[in-house]
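Step one of this worksheet: look at the structure below.
The values are calculated or read from the model by the stated rules, or taken from the named source; none is laboratory data. Quick caveat, the model's predicted, so the values are computed rather than measured. Positions of Cβ are backbone-derived with ideal geometry, glycine not excepted, and every protein chain shown enters the neighbour counts. Note: areas computed on protein heavy atoms with side chains; ligands, DNA, RNA excluded. Shrake-Rupley method; radii C 1.70, N 1.55, O 1.52, S 1.80 Å.
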Amino acid sequence: MNHSIAGFSKLSKEEKINWIANTYFAHPTEAIATIKNYWNSDEKLQQLHDEFIENTITNFYLPMGIAPNFVINGKTYTVPMVIEESSVVAAAAKSAKYWSTRGGFKTTVISSEKIGQVHFLFKGNTEKLETFFNTIKTKFYTATESITKNMQQRGGGILGIELRNKTAALDHYFQLHVTFETKDSMGANFINSCLEQLAKTLKEEAQLYTEFTEEEKELQVIMSILSNYVPNCIVRAEVSCKVEELAEKKIDYPQEFAEKFVQAVRIAEIEPFRAVTHNKGIMNGIDAVVLATGNDFRAVEAGVHAYASRSGSYSSLSHAKIEEGVFSFWMEIPLALGTVGGLTSLHPMVKMALEILGKPSAHELMQIVAVTGLAQNFAALRSLTTTGIQEGHMKMHLNNILNQYQATTEERKAIALHFENSTVSHSSVVELIENLRK
Ligand code: MEV
């Protein structure tokens with residue numbers, strides 16, 4: 001069946017919903033009711049959400065949870081997390097509590113430089129291009145003054161503009177490789193506006209440069225865009241304590257635990273199949289806070305995974321060691337985040353999340369996000385190297401299964417009792433429900 005439609009974006013919201021319901025559902029009235037059930041009764045609030053994107057028909061809920069007791073550089077944070085995976089918030093909270101009595105998390109922002117590039121083709125003499133670039137370089141700064149003025153007042157702006165010759169990899173390909181400091185904003189719009197102006201200046205000045213031949217004057221700008229690879233926007237997060245201090249209810253033999261933990265990290269350092277899952281666990285924490293604070297999780301994901309491959313082989317983002325009886329676990333990752341601009345002042349829940357975190361600066365948020373990632377990784381590795389992941393995971397997932405089978409309060413009580421001392425599995429829950437219903 002052909003379900004294409006012309007001019008969908010021009011339809012009213014009501015018409016869009018009707019088209020979806022009538023085209024894809026056997027019971028359109030029910031589909032419309034479900035869609036509308038997720039609308040907010042506050043019309044203004046609904047309109048705000050409608051206008052975030054194109055063709056909005058309704059809202060899509062994700063839970064926002066809270067992981068308290070994160071001690072970072074001696075200060076205690078309560079971390080809001082937006083995520084659908086049942087065990088993530090519980091794991092973060094458990095890890096936070098655990099480390100809060102073992103010195104807490106230590107963090108440092110190592111650098112916060114962002115990058116953007118003007119990609120262009122130049123068919124001509126490379127030395128002439130270099131002389132041209134050096135001659136007009138100051139014009140790049142004057143041409144972008146109106147865009148950079150406010151950012152400069154906040155202590156940011158363009159840090160450097162370099163001409164890069166990429167012709168060894170691609171014929172005639174050069175770049176303006178530009179570095180930025182964007183303070184508390186993620187800076188995507190600022191960077192892209194600067195780059196588009198730089199591209200315009202580049203083209204205009206090339207036309208005026210008398211040393212260029214007619215062909216050289218026609219250098220061709222292909223595109224101007226920020227890079228989500230930010231290897232110079234790095235935050236470090238770490239925990240450490242004496243090996244014997246690792247002991248707790250499920251860690252009877254701390255030395256054995258620490259050694260097994262370090263081995264698990266080593267495996268992720270050298271084995272990409274494991275590294276991807278290991279890092280996915282880190283991103284469980286990172287994405288949840290990035291989402292809650294209205295930041296661009298796709299940008300963060302792309303940048304983090306590129307960084308994990310910087311040696312040429314995909315590897316673990318975190319590292320661990322035992323030295324002179326001290327266990328250390330740490331991670332350095334690139335995070336381009338903002339606490340002003342974008343959704344931060346628009347989305348009511350984002351505003352709340354930032355408020356809960358104490359209105360952090362972008363640097364502070366980088367530290368909180370990195371810590372949540374490290375905490376998540378610690379929780380996953382602790383489970384994996386001790387009880388196995390399913391015990392905790394399925395305990396949290398139990399509710400989802402019970403909801404799926406519309407279990408009654410009585411059934412829930414009986415099932416909770418049954419699983420107090422045994423590992424939950426999907427099949428065992430289903431079997432139990434069926435038995436109870438016989
Ligand atoms: C599940 O979302 C994340 C883990 O697979 C991470 C890991 O294996 O380290 C538990």
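Numbers for the structure displayed
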{"read-out": "Restricting the stretch 110-135 to residues that are in a helix (DSSP H, G or I) and not β-branched (V, I, T), the residue that is surrounded by the most Cβ atoms within 10 Å (Cβ to Cβ)", "value": "F132"}
{"read-out": "Selection count where residues are away from the ligand (no atom under 16 Å from the Cβ) and either open to solvent by 30 Å² or more (accessible area, probe 1.4 Å) or in contact with a Phe, Trp or Tyr (Cβ under 9 Å, 6 or more places away or on another chain) (or both), scope the stretch 82-109", "value": "13"}
{"read-out": "Where a residue in the stretch 89-112 is touching a residue at least 40 places away in the same chain (Cβ under 8 Å) and its partner, wherever it lies, is among the β-branched types (V, I, T) and in a loop (DSSP other than H, G, I, E, B), with Cβ under 7 Å and at least six apart", "value": "V89/I83"}
{"read-out": "Residues of the stretch 339-379 satisfying the condition of being away from the ligand (no atom under 14 Å from the Cβ) and small (G, A, S)", "value": "G341, G342, S345, A353, G358, S361, A362, A370"}
{"read-out": "Condition met for R382 (away from the ligand (no atom under 16 Å from the Cβ), in a helix (DSSP H, G or I) and open to solvent by less than 80 Å² (accessible area, probe 1.4 Å))", "value": "no"}
{"read-out": "Evaluation of S313 against (1) within 16 Å of the ligand (Cβ to nearest atom); (2) surrounded by fewer than 14 Cβ atoms within 10 Å (Cβ to Cβ) (one fails), failing number", "value": "(1)"}
{"read-out": "Flag if I270 is surrounded by 19 or more Cβ atoms within 10 Å (Cβ to Cβ), outside the structural domain of N134 (by TED's automatic domain parsing), within 16 Å of the ligand (Cβ to nearest atom) and closer than 21 Å to V304 by Cβ", "value": "no"}
{"read-out": "Top-ranked residue of the stretch 282-307 - restricted to ones that are surrounded by fewer than 23 Cβ atoms within 10 Å (Cβ to Cβ) and small (G, A, S), ranked as nearest to G342 (Cα to Cα)", "value": "A299"}
{"read-out": "Selected residue (only one of I53, I66, I57 is in contact with a Pro (Cβ under 7 Å, 6 or more places away or on another chain) and open to solvent by 30 Å² or more (accessible area, probe 1.4 Å))", "value": "I66"}
{"read-out": "Cβ-Cβ under 9 Å pairs, at least 6 apart or on other chains, the stretch 1-16 side touching a residue at least 40 places away in the same chain (Cβ under 8 Å), far side among the aromatic types (F, W, Y) and assigned to a helix (DSSP H, G or I)", "value": "F8/W19; K16/F8"}
{"read-out": "Flag for Y229 being crowded, with 16+ Cβ neighbours inside 10 Å, under 30 Å from L176 (Cβ atoms), in contact with a Phe, Trp or Tyr (Cβ under 7 Å, 6 or more places away or on another chain) and modelled with pLDDT of 95 or more", "value": "no"}
{"read-out": "Among the candidates A288, A320, A299, residue that is part of a helix (DSSP H, G or I), touching a residue at least 12 places away in the same chain (Cβ under 8 Å) and under 20 Å from A92 (Cα atoms)", "value": "A288"}
{"read-out": "Number of the exception - K321 against (1) farther than 30 Å from Q117 by Cα; (2) within 16 Å of the ligand (Cβ to nearest atom); (3) open to solvent by 60 Å² or more (accessible area, probe 1.4 Å)", "value": "(2)"}
{"read-out": "Candidate set from the stretch 247-267 (those that are of a type in the set (A, V, I, L, M) and part of a helix (DSSP H, G or I)); member that is nearest to the ligand (Cβ to nearest atom)", "value": "A264"}
{"read-out": "Number of positions in the stretch 380-438 that are closer than 30 Å to D252 by Cβ and aromatic (F, W, Y)", "value": "1"}
